[in-house]
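The values are calculated or read from the model by the stated rules, or taken from the named source; none is laboratory data. Just so we're clear, the structure is a prediction, and the values are computed from it rather than from any experiment. Glycine also receives a Cβ, built like all others from the backbone with ideal geometry; neighbour counts cover every protein chain displayed. Heads up: the accessible areas ignore ligands, DNA and RNA and are worked out on the full protein's heavy atoms, side chains in. Shrake-Rupley method; radii C 1.70, N 1.55, O 1.52, S 1.80 Å.
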Amino acid sequence: MTKKPATRKPATKKSATRKPREMQVKETTDASRTARAERMRTALGRIKAWMRSNNAEDIVDNLAPPTSDEEIASCAKALGFAVPDDLRELWLLHGGQNLEKTHPFLNSHDLLSPARAASVRHDFLSTLPTLRDAPDDLVEVTEEELASDEWLTIGKIGRWDVWVICALTGRLFGSSPDYPQLYAISGSLLDWLETFAEGAENGEYEVTRLGKSCFVSPIL
């Protein structure tokens, strides 16, 4: 059995008490959306350039073509809430991956298309009642986020090891059967992509090939 690359998770203390945190209201003017879309294109370009120069061109070639506004609108209709701006901009550049379980883009997690994201969302939602029963174990999640149903799965390994975005705040989380079951990854998808690009260029990531698959993972 092959061992999947390690994914860095923030350290947490089980005895810690989760404290309420004020929600951050994000500016959504046309100018700010345009600026973030340009940052998204720049970060993605840096990541793909690094991958092509470090024997990970298979990951780049496995990214799907741009999705359409109609597909994103269909996803939003199925969800019952708007797709977060950062994810929308990423999908307009690459609508997921051509093949899942091969050459994943989000570290060792597959990047999902709008249709796949909508279809697997119920799996994560089914875990929310359990998560809400143990709020003190989730020190990185706000009360408002935990109470919300506006969660969208954007990446996955198997069924239960997923990356999710809380559409209420735009924050990126990981969820898995391991403790903690829900942990913060980044303040936004764009922040993570920019940090990923910088870290890769600074030698903080490595490329691993397992059989026919190619992964990029943080150097621990």
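The table below lists the values:
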{"quantity": "Point-to-point label distance, Ser126-Ser148, nm (Cα→Cβ direction, 7 Å offset)", "calculated": "2.4 nm"}
{"quantity": "Computed lengthening from Ala73 to Ser119, 0.36 nm per intervening residue step minus Cα-Cα distance", "calculated": "15.1 nm"}
{"quantity": "Rounded if a/c under 1.5, otherwise prolate or oblate - region 164-220, Cα gyration tensor axes", "calculated": "oblate"}
{"quantity": "Over the chain, relative contact order from alpha-carbon pairs under 8 Å, at least 6 apart, %", "calculated": "26 percent"}
{"quantity": "Efficiency of FRET between Ala35 and Glu201 - r from beta-carbon atoms, R0 25 angstrom, step 0.05", "calculated": "0.70"}
{"quantity": "Accessible carbon and sulfur surface of region 72-145 relative to its total accessible area, %, 1.4 Å", "calculated": "53 percent"}
{"quantity": "Percent RCO, i.e. relative contact order, over region 152-220, from Cα pairs under 8 Å lying at least 6 residues apart", "calculated": "16 percent"}
{"quantity": "Helix-only [θ]222 nm of the chain, DSSP H runs n ≥ 4, -39500 (n - 2.57) each, per residue, nearest 500", "calculated": "-11500 deg cm²/dmol"}
{"quantity": "Hz values of 3J(HN,Hα) by residue in region 137-145 - Karplus curve (6.51, -1.76, 1.60), Gly and Pro given as x", "calculated": "7, 10, 6, 9, 10, 7, 4, 5, 5"}
{"quantity": "Counted charge near Glu71, where neighbours are those whose Cβ lies closer than 12 Å (Asp, Glu -1; Lys, Arg +1)", "calculated": "+1"}
{"quantity": "Neighbourhood charge, 13 Å Cβ-Cβ cut-off, centred on Val83 and excluding it, Lys, Arg +1 and Asp, Glu -1", "calculated": "-3"}
{"quantity": "Å² per residue, accessible surface of the chain at 1.4 Å", "calculated": "50 Å²"}
{"quantity": "Distance in nm between pseudo-label sites at Lys101 and Ser53 (7 Å out along the Cβ direction from Cα)", "calculated": "3.5 nm"}
{"quantity": "Using θ = phi - 60° and Karplus 6.51 cos²θ - 1.76 cosθ + 1.60, couplings along region 181-198 (whole Hz; Gly, Pro as x)", "calculated": "6, 9, 9, 6, 9, 7, x, 6, 5, 5, 4, 5, 4, 5, 5, 4, 4, 5"}
{"quantity": "Proximal aspartates and glutamates relative to Lys212, as straight alpha-carbon distance under 20 Å, when same-chain residues fewer than 8 apart are discounted", "calculated": "Glu57, Asp58, Asp61, Glu100, Asp110"}
